[in-house]
Structure formats: structure tokens, C-alpha cells
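The values are calculated or read from the model by the stated rules, or taken from the named source; none is laboratory data. If you're wondering where the values come from, they're calculated on a predicted model, not measured in any experiment. In this analysis, Cβ positions are derived from the backbone assuming ideal geometry, glycine residues included, and neighbour counts consider all displayed protein chains. Surface areas here come from the heavy atoms of the whole protein model, side chains and all, with no ligands, DNA or RNA. Shrake-Rupley method; radii C 1.70, N 1.55, O 1.52, S 1.80 Å.
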Amino acid sequence: MSDSDVLIPLIGYAHADGTKGMERFLDDDVGDSAAAAEERLADSPVGWLRAVLVVDAYLHLDRGRTDALMIKAVEFALNPRSMRIAVPYRHHSAAEGFAVYRPKFLEAHGFGDSDFDILGQAFYAGVDSHEQAAAVWNAHLLNESA
């Protein structure tokens with residue numbers, strides 16, 4: 001996102017045996033790609049223990065519309081849980097250049113109040129686990145809300 005126009009919608013998933021995979025959804029229309037990815041996640045594919053969908057979209061805030069990566073994380077277990085997070089960003093073509101803002105937790109299902117600190121820690125651990133993404137995140141993070 002720091003140097004491109006649109007993120008291709010993708011789903012990363014994990015199986016109970018620890019194996020992982022990823023699917024990208026590329027269509028001529030990015031909206032169709034995002035819809036196909038949403039549909040795939042909603043199908044709860046057999047064998048997936050958990051999955052994360054990421055799409056480039058707009059987040060509507062009090063100050064207006066902003067670019068954001070919209071993340072939906074789902075755990076397919078006996079007690080399914082899910083959450084939606086937005087990571088607002090300033091587009092790389094902006095005069096001030098690319099920037100990432102703090103994540104915004106939009107909704108959570110199946111989690112208790114005491115889980116939110118752990119979820120925040122898990123989010124940042126996920127960022128740090130991707131070496132290339134972590135470098136971009138740390139170089140461009142603004143300590144202000146979008």
C-alpha cells in the first residue's frame with residue numbers, strides 16, 4: 001500500500017494441523033473481487049481453523065471518508081468468533097505521502113471484554129511477524145487517529 005494503488009483482496013487461512021495458505025481474488029472490478037472473497041470466507045471452507053480477509057476499501061469517519069484496509073478475522077471452532085478491524089491509511093499519492101494510522105476495532109462477536117487487550121497484542125504481533133510489512137508499518141505509523 002505504501003507504493004501501489006489497490007491491494008488485491010486476499011484471504012489467509014490456517015488449518016488445525018498448522019499448515020497455512022492464502023488465496024487472492026483478482027477480477028477486472030475490485031468490488032467484484034472483494035465480494036468473491038467475502039463469499040469464500042462466508043462458505044466456512046472445510047478444514048480451515050481460522051481465516052483473515054483483507055480488502056482495500058473506504059472507512060467513513062466523522063471527518064469524512066478515508067482509505068483503509070478492512071480486515072475480517074474468523075475462527076471456525078465449536079464456539080465461532082469473529083471481528084472486524086479497519087486500518088486507515090493516507091494514500092501514497094497524497095502530498096504528505098503514505099501514512100498508516102492506528103487500527104480501529106469495529107466489531108467483535110464471541111469475545112469478552114477481557115479479550116480486547118489480548119486481541120490488540122495479537123494484532124501487533126501479526127504485524128511484527130511479517131518482516132516487510134512491519135518495516136513499512138513502523139516507518140509510516142502516525143500516532144494520531146485518522
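The single condition from (1) surrounded by fewer than 13 Cβ atoms within 10 Å (Cβ to Cβ); (2) assigned to a strand (DSSP E or B) that residue 56 fails is (1).
From the list 72, 20, the one residue that fits, being touching a strand residue (DSSP E or B) at 6+ places or on another chain (Cβ under 7 Å), without any contact (Cβ under 8 Å) to a residue 60 or more places away in the chain, of a type in the set (D, E, K, R) and under 26 Å from residue 112 (Cβ atoms), is 72. Per the conditions (1) modelled with pLDDT under 95; (2) open to solvent by 30 Å² or more (accessible area, probe 1.4 Å), the sole criterion not satisfied by residue 64 is (2). Within the option set 115, 28, 43, being of a type in the set (D, E, K, R), without any contact (Cβ under 8 Å) to a residue 12 or more places away in the chain and under 30 Å from residue 144 (Cβ atoms) holds for one residue only, 115. Out of 54, 100, one residue alone is more than 24 Å from residue 42 (Cα to Cα) and in contact (Cβ under 8 Å) with a residue 40 or more places away in the chain. It is 100.
Considering only residues in segment 131-142 that are assigned to a helix (DSSP H, G or I) and either surrounded by 14 or more Cβ atoms within 10 Å (Cβ to Cβ) or touching a Cys at 6+ places or on another chain (Cβ under 6 Å) (or both), the one that is modelled with the highest pLDDT turns out to be 140. Contact annotation: residue pairs with Cβ atoms under 6 Å, 6 or more positions apart or on different chains, pairing a residue in segment 81-97 that is of a type outside the set (Ser, Thr, Tyr) and part of a loop (DSSP other than H, G, I, E, B) with a partner that is modelled with pLDDT under 95 and open to solvent by 60 Å² or more (accessible area, probe 1.4 Å), are 92/3. As a summary of the residue check, residue 128 satisfies the conditions (1) out of contact with any helix residue (DSSP H, G or I) (no Cβ under 8 Å at 6 or more places or on another chain); (2) open to solvent by 90 Å² or more (accessible area, probe 1.4 Å) except for the one numbered (1). The residues in segment 99-125 that are in a strand (DSSP E or B) and open to solvent by less than 60 Å² (accessible area, probe 1.4 Å) can be counted, and the count is 4.
Give the number of residues within segment 68-79 that are modelled with pLDDT of 90 or more and either out of contact with any Asp or Glu (no Cβ under 7 Å at 6 or more places or on another chain) or of a type in the set (Val, Ile, Thr) (or both). Summing the residues that are modelled with pLDDT of 90 or more and either out of contact with any Asp or Glu (no Cβ under 7 Å at 6 or more places or on another chain) or of a type in the set (Val, Ile, Thr) (or both) in segment 68-79 gives 8. Using the structure shown, decide if residue 61 is in contact (Cβ under 8 Å) with a residue 40 or more places away in the chain and touching an Asp or Glu at 6+ places or on another chain (Cβ under 7 Å). No; evaluated as a whole, the condition is false for this residue.
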